[in-house]
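A short write-up of the structure that comes next.
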Amino acid sequence: MEKVIDESKQGQSLVLKHKKENTRKLFIESYGCAMNFSDSEIVASILTNEGFNTTQKLEEADLILVNTCSIRDKAEQTVRKRLEKYNAVKRDHNPKMKVGVLGCMAERLKTKFLEEEKIVDLVVGPDAYKDLPNLLAEVDEGRDAINVILSKEETYGDVSPVRLNTNGVTAFVSITRGCDNMCTFCVVPFTRGRERSRDPQSIIEEINDLWSKGYKEITLLGQNVDSYLWYGGGLKKDFVKASDIQKATAVNFANLLELCAKTQPKMRIRFSTSNPQDLTLDVVETMAKYHNICNHIHLPVQSGSDRILKAMNRLHTREEYIELINNIREIIPDCAISQDMIVGFPTETEDDFRDTVSLMKYVKYHFGYMFTYSERPGTMAGRNMEDDIPEATKKRRLAEIVALQQEHSGIRTKEHLNTVVEVLIEKESKKSDTHWSGRTSQNIVCVFPKENYNIGNLVNVKTTNCTTATLIGEAVGLSKNN
Ligand code: SAH
Ligand code: F3S
């Protein structure tokens, strides 16, 4: 299943096609959200032009880059452990090896990284990847190098990302960077800066290029995709100052979605992540209008309690969220909806938690990602609220909603039993080399016997069985949408 944070991919190192003339070896691995994995493709693209080929063997790397995540303390601890590992490899195998930290931890800790972690030679924030060639030149001369400047313009729209460890069928296309929402628990606005949107022209060019290379599905990526707004460049918050002509020709997310769907009518289109306060019904109507836009919305709510939503600075109420869910279901009855949820936010009472449980029971999400609150230094909640919910209470609440979500996923998956679903084949099933694995429009994994079908085919599958999150069936023919 496409996850915001795909545990199975965490720490994956990336391989690229080798260029003969390149002599240095780069080991690059990524942690955290899909945006980090997408950014690593941009970094790799920049470094192939700097004489690097990728390797998956730490021991032989001249340069190790780790793209890091700060969203929860645990994510940062994972990266610290990796740095210990690199240290050991450097000591035992390759004293000349250089180590660089990219992404959100680099941005959050800045020079502290160079002081705290002696192994680190290079610190680069998410908006500074184009400066990598200069920074590496510094490192080559034996100096530490750092660039953590956040940008108001950088979208990397002009860097054509190389696709790393790809299945050749699905790809991420980033459309916005940064976030202006300032949810009080969240470090992202501090590590990724202000929100800016990418030129639609460059998005369309990337999609056309992917189609010509055989890709069949793209996921438009952003911290808050529904907030996408292009009016010739610049920050979202400066739109009020735009000229009349800029305002009249501005492209919002619904417009962009339609543009993508029309440009490549056979390319499947997904998007992630939606914020309830910014998801407008014209987006849902656009989804309904185009068959190639998948019927799934990742719509994190974080809590079902109005009091907690307010303390989180989520700019909608429980009732407004429920109304949005009802509207989505009215416009697209078979639309899958998934969630992110936080338990144990400061001051969360048992009653607040019950509100979260009852909201989940109302919506019955197809799937979701649930977390215990992790205080992040510098955020509004980190500065102004005591992290007062005992760890044991957080864990108990988490276990309860994880079990509830399992139950709901089971119910949702079963709804598709004994129907015909359209599946895009992505890869061989992990459990059987005689079966394909792909996903339905609703993002449910479906496995079925291979027969004569191939990776990249859209196949109609009659479902005959299921587990909690996987449909099992048999192909009944190629879809007319190939
Ligand atoms: N809008 C972003 C959110 C990124 S963070 C997106 O593209 O999905 C992903 C999820 O991590 C959030 O939805 C939230 O549920 C969780 N999260 C963020 N900060 C957290 C914190 N301090 N503690 C626990 N979970 C957190
Ligand atoms: Fe974080 Fe809220 Fe933005 S969760 S990424 S501040 S929408």
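FYI, it's all coordinate maths here, none of it is from the lab. The structure displayed is predicted, hence computed values, not measured ones. Every residue, glycine among them, receives a Cβ derived from its backbone with ideal geometry; neighbour counts consider all protein chains shown.
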May I ask for log10 I(q)/I(0) of the range 1-153 at q = 0.08 Å⁻¹, from a Debye sum over the Cα atoms as equal point scatterers with solvent left out? -0.19
Per-residue HN-Hα couplings for the range 287-292 [Karplus 6.51, -1.76, 1.60; θ = phi - 60°; Hz; x = Gly/Pro]: 4, 5, 6, 10, 4, 7
For the chain, size of Cβ-based charge dipole, Lys and Arg +1, Asp and Glu -1, in debye: 840
Simple spin-label estimate for Glu375/Lys480, 7 Å along Cα→Cβ, in nm, reads 6.0
Could you tell me how far the Cα centroid of the range 19-55 sits from the Cα centroid of the range 412-482, in Å? 33
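So which trypsin sites (Lys or Arg not before Pro) in the range 441-482 end up in coil per DSSP with only 10 or fewer other C-beta atoms within 10 Å? It would help to have the intermediate numbers written out before the result.
Values: sites: Lys450, Lys462, Lys480; in loops: Lys450, Lys480.
For trypsin sites (Lys or Arg not before Pro) across the range 441-482 that sit outside H, G, I, E and B with at most 10 neighbouring Cβ atoms in 10 Å, the list reads Lys480.
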Could you tell me which residue out of Tyr31, Phe52, Cys260 lies farthest along the dipole of the chain toward its positive end? Charges go on the beta carbon: Lys and Arg +1, Asp and Glu -1, centred on the Cα centre. Phe52
Can you list the residues, at least 5 places off or on another chain, whose amide H is less than 5 Å from the amide H of Gly32, using H built in the peptide plane? Gly11
Calculate how large, on average over all directions, the projected area of the Cα convex hull of the chain is; give the answer in nm² to one decimal. 23.3
For the chain, just give the cysteines left without a disulfide-compatible partner, judged by no other Cys Cβ under 4.7 Å. Cys33, Cys69, Cys104, Cys179, Cys260, Cys294, Cys335, Cys446, Cys466
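Just need the relative contact order of the chain here, percent rounded to a whole number, with Cα pairs under 8 Å and 6+ apart. Could the numbers behind the result be given before it?
On the way: 985 pairs, mean separation 47.2, N = 482.
This gives 10 percent for the chain.
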Distance (nanometres) between label positions extended 7 Å along Cα→Cβ at Glu386 and Ala469: 3.7
What number, rounded to the nearest 500 deg cm²/dmol, is the helix-based mean residue ellipticity at 222 nm of the chain, given -39500 (n - 2.57) per DSSP H run of at least four residues and division by all its residues? -10000 deg cm²/dmol
So Asp131 and Glu350, fully extended at 0.36 nm per residue minus their Cα-Cα distance, gain in nm 73.9 nm
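With respect to the cross-link table entries Lys361/Lys414; Lys90/Lys110; Lys19/Lys81; Lys213/Lys450, which display a Cα-Cα separation exceeding 28 Å?
Details: Lys361/Lys414 17 Å; Lys90/Lys110 23 Å; Lys19/Lys81 32 Å; Lys213/Lys450 23 Å.
From the list (Lys361/Lys414; Lys90/Lys110; Lys19/Lys81; Lys213/Lys450), the Cα-Cα distance tops 28 Å for Lys19/Lys81.
Between Lys364 and Asp199, what is the FRET efficiency for a Förster distance of 45 Å, r being their Cβ-Cβ separation, to the nearest 0.05?
Numbers: r = 39 Å, r/R0 = 0.86.
For Lys364 and Asp199, the calculated efficiency is 0.70.
Could you tell me what percent of the DSSP beta bridges with both partners in the chain are antiparallel, to the nearest 5? Intermediate values should be presented prior to the final figure.
Numbers: 28 of 72 bridges.
Antiparallel bridges: around 40 percent, rounded to the nearest 5.
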